[in-house]
Amino acid sequence: MLSYNLVGRPALLRVATLRKIRGFDSDAGWAFEHDAYLRLREADAIFRHVNLVLPAARPDISFERRHVDADTCRVTEKALARRGWPGSVKPGRVPGLSSWKLDAPSPQPSIDVIIPTRDRIDLVRNCIEALENKTTYQNWDVILLDNDSIEPESLEYFANSKYRVVPCPGPFNYAKIVNRGVEHSKADFRRDAEQRHDLDDPGLAGANGVARGVAGRRRRRGVPLGPVRASRARGHRHLAVPAALSHGLQLPAPRSVLSFDA
């Protein structure tokens, strides 16, 4: 809804409800409906879909970039300001669509990248070198979770690593091992590593970063980190991803980390 008027026309609005938000804003220009829907949403108004095909009754001129783009961006900027979210807004790929990006928080929150491994120091080294050389974010750390590694190279690497190494003995259980890493983390944000991924993108901490498999195939995009709010759905204790994602959203670099494998 922040990026695009998903309600559109026709729409039936209760006059009493519209009056509660002081009606339409003439300063919103061609995006006056979008502005009203955003303010209604902020007021916890309920939107209901009518399962009928009805004429939009909207002239083609209202969809032209020269009319709708600037007004849509201005409406989105005001909505971000009302939420207390500093950021920037620019026109999107289609008329009436805005693309917005939140500013990086200051001071930077701490992020722990949790990497489970068992005798795959080659992948651990690739992950850490990528973090050290390809991310512009500063306030991050690594927790290595050792699941019964026995190779001399692994033991030597752990002994000389500047990062924390947490022993995780016993049969391989990804959720259990990651939970142990979370218990040893005091960071504001946490991200567990995932299987099969290596980094091949300079924008490690960017919202549009891409993780690729060792064969060079595209695997997974960077995922946004939410506040540290752990859940145990299906036995896993992972981060909750922010629900405020909408079409056109680009999160700030410090809030994104790619997936790795070790």
Next on the checklist: Among the residues in segment 177-188, are any over 30 Å from Asp103 (Cβ atoms) and more than 29 Å from the chain's Cα centre (by Cα)?
Outcome noted: no
Next on the checklist: For segment 11-25, which positions are part of a loop (DSSP other than H, G, I, E, B) and closer than 20 Å to Val50 by Cα?
Outcome noted: Ala11, Leu12, Leu13, Arg14
Checklist entry - Which pairs have Cβ atoms under 7 Å, sit 6 or more apart or on different chains, and link a residue in segment 152-168 that is closer than 16 Å to Ile115 by Cα to one that is surrounded by 14 or more Cβ atoms within 10 Å (Cβ to Cβ) and polar (S, T, N, Q)? => result Leu155/Ser149; Cys168/Asn147
Item to check | Sole residue being at pLDDT below 95, out of contact with any Gly (no Cβ under 8 Å at 6 or more places or on another chain) and either over 27 Å from Lys101 (Cα atoms) or surrounded by fewer than 21 Cβ atoms within 10 Å (Cβ to Cβ) (or both), chosen from Phe158, Phe172 | outcome: Phe172
Checklist entry - What do you reckon, is Leu131 surrounded by 15 or more Cβ atoms within 10 Å (Cβ to Cβ) and under 30 Å from Arg66 (Cα atoms)? => result no
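The rows are residues; the columns are (1) under 30 Å from Pro59 (Cα atoms); (2) under 17 Å from the mean Cα position of the chain (by Cα); (3) among the acidic types (Asp, Glu); (4) modelled with pLDDT under 90.
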{"site": "Ala79", "(1), (2), (3), (4)": "yes, no, no, no"}
{"site": "Gly87", "(1), (2), (3), (4)": "no, yes, no, no"}
{"site": "Asp112", "(1), (2), (3), (4)": "no, yes, yes, no"}
{"site": "Pro116", "(1), (2), (3), (4)": "no, no, no, no"}
{"site": "Arg120", "(1), (2), (3), (4)": "no, no, no, no"}
{"site": "Glu129", "(1), (2), (3), (4)": "no, no, yes, no"}
{"site": "Lys134", "(1), (2), (3), (4)": "no, no, no, yes"}
{"site": "Val142", "(1), (2), (3), (4)": "no, no, no, no"}
{"site": "Glu153", "(1), (2), (3), (4)": "no, no, yes, no"}
Next on the checklist: Among the residues of segment 76-95, are any more than 17 Å from Arg164 (Cα to Cα), among the β-branched types (Val, Ile, Thr) and touching a residue at least 40 places away in the same chain (Cβ under 8 Å)?
Outcome noted: yes
Checklist entry - How many of the residues making up segment 1-46 are over 18 Å from Arg74 (Cβ atoms) and among the polar types (S, T, N, Q)? => result 1
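State whether the residues of segment 45-56 include one that is touching a helix residue (DSSP H, G or I) at 6+ places or on another chain (Cβ under 8 Å) and either surrounded by 16 or more Cβ atoms within 10 Å (Cβ to Cβ) or on the phi > 0 side of the Ramachandran plot (or both). Let's see the steps before the verdict.
We begin by selecting, within segment 45-56, every residue touching a helix residue (DSSP H, G or I) at 6+ places or on another chain (Cβ under 8 Å); these are 45, 47.
Restricting the remaining residues to those that are either surrounded by 16 or more Cβ atoms within 10 Å (Cβ to Cβ) or on the phi > 0 side of the Ramachandran plot (or both) gives 45.
Checking segment 45-56: at least one residue is touching a helix residue (DSSP H, G or I) at 6+ places or on another chain (Cβ under 8 Å) and either surrounded by 16 or more Cβ atoms within 10 Å (Cβ to Cβ) or on the phi > 0 side of the Ramachandran plot (or both).
The values are calculated or read from the model by the stated rules, or taken from the named source; none is laboratory data. The structure displayed is predicted, hence computed values, not measured ones. Glycine gets a Cβ as well: all are built from the backbone with ideal geometry, and neighbour counts include every protein chain shown.
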